[in-house]
Amino acid sequence: MDVEVHPVVWEADRDTIIEAPPGFKWLAMHIAEKTGASVSGRPVWGSCDVRVDYGYRRVFHLGHEVPPNVGYLLRKNLAPVEKIDTDLYRMYVRGVEVLFIPVYYKPPPSLPTPREFGKIFFPLPYRKIAEEISRRTGYPLVYRPITGCWVGESPTELAYVVATGVFYPLTLKFFWPNARVYQVDPFRGVVRDVESDFARVMKLKARPHLTTPKKVAVLVSTKAGQLQLEKAKALNQPVVILDEITPEYIDDLGVDLVINTACPRIGIDDLDRVRTPVMNYYEYLARELDPLQIIRF
């Protein structure tokens, strides 16, 4: 897949370390080969996952939007984040410059064409493709990228999410369950309704609400864009602090219920891989409401 990256990456040097998510590690290696920079082997799943303790003067973090909820926690736990260009953000932390640098997939020659009117959403790497689909169809485009934990605009009755896989379409569906949400996969040429995927996850999400737990653990992430220790302590339950939170780590705790204060996707993704019921922080606080509509920090 051809990509376009902001030219600021070529300012990297031997005192720069590059963070990249799975799928863009090859790009980080290419930049490092050309500039002398180093590459972090961490998977880095979002801008919330940035680190500044590598011992380098600059950190280049590739391919992730900095949504307001993550920006708030980064400001609280590290330093303020400023926007300096389209999808390009900067943060200074104790003498370390951090740049959140956009990477975009280039539109393939043939693109799927949605047939019904709807608003077009996209995660950061798909901006250029979403813009091209919007240009061809005339359908409205959201003003900034969505993430796995943040959507900045409400959809029309029908919404299209330009992305490979159902991770991001399901994010939108969790925020607005009554909307018709379609995945637009630009590389497979597919436009598909995600209702069946949503129904499957809903069944898994029901488990913690049917549980009468005797042993409870509250998960806290050490990642600066997720760290919410005060909220966790206020629940008056045992607190477990982790960096990477995986199904294996959750099940190894041996509890009846996990309350998650870290990335809200932990309470949604991989639920078919974790045996322990998981409930996100705001779901736990608002159990009398519809918990499936609560997916925020």
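Scanning region 126-157 for residues that are more than 18 Å from Ala179 (Cα to Cα), small (Gly, Ala, Ser) and without any contact (Cβ under 8 Å) to a residue 24 or more places away in the chain yields Ser134, Gly138.
Among the criteria (1) crowded, with 16+ Cβ neighbours inside 10 Å; (2) in a loop (DSSP other than H, G, I, E, B), the one Asp13 does not fulfil is (1). In this structure, is Phe117 within 25 Å of Val166 (Cβ to Cβ) and over 19 Å from the mean Cα position of the chain (by Cα)? Yes: the conditions hold for Phe117. You will find that of Lys205, Lys223, the residue that is in contact (Cβ under 8 Å) with a residue 60 or more places away in the chain and touching an Asp or Glu at 6+ places or on another chain (Cβ under 6 Å) is Lys223 and no other. One residue stands out among those in region 199-226 that are within 22 Å of the chain's Cα centre (by Cα) and over 30 Å from Arg42 (Cα atoms): the one that is surrounded by the fewest Cβ atoms within 10 Å (Cβ to Cβ), which is Ala199. Looking only at residues that are assigned to a helix (DSSP H, G or I) and surrounded by 12 or more Cβ atoms within 10 Å (Cβ to Cβ) in region 16-36, which one is farthest from the chain's Cα centre (by Cα)? Looking at the filtered set, the residue picked out is Thr35. The combined condition, being in a loop (DSSP other than H, G, I, E, B), outside the structural domain of Gln228 (by TED's automatic domain parsing), modelled with pLDDT of 95 or more and not basic (Lys, Arg), is not fulfilled by Tyr72. Here is the figure for region 75-113: residues that are assigned to a loop (DSSP other than H, G, I, E, B), free of Cβ contacts under 8 Å to residues at least 12 places away in the same chain and hydrophobic (A, V, I, L, M, F, W, C) total 0.
The values are calculated or read from the model by the stated rules, or taken from the named source; none is laboratory data. Please read all numbers here as calculations on a predicted model, not as lab measurements. Here Cβ is always computed from backbone atoms with ideal geometry, including for glycine, and neighbour counts include all displayed protein chains.
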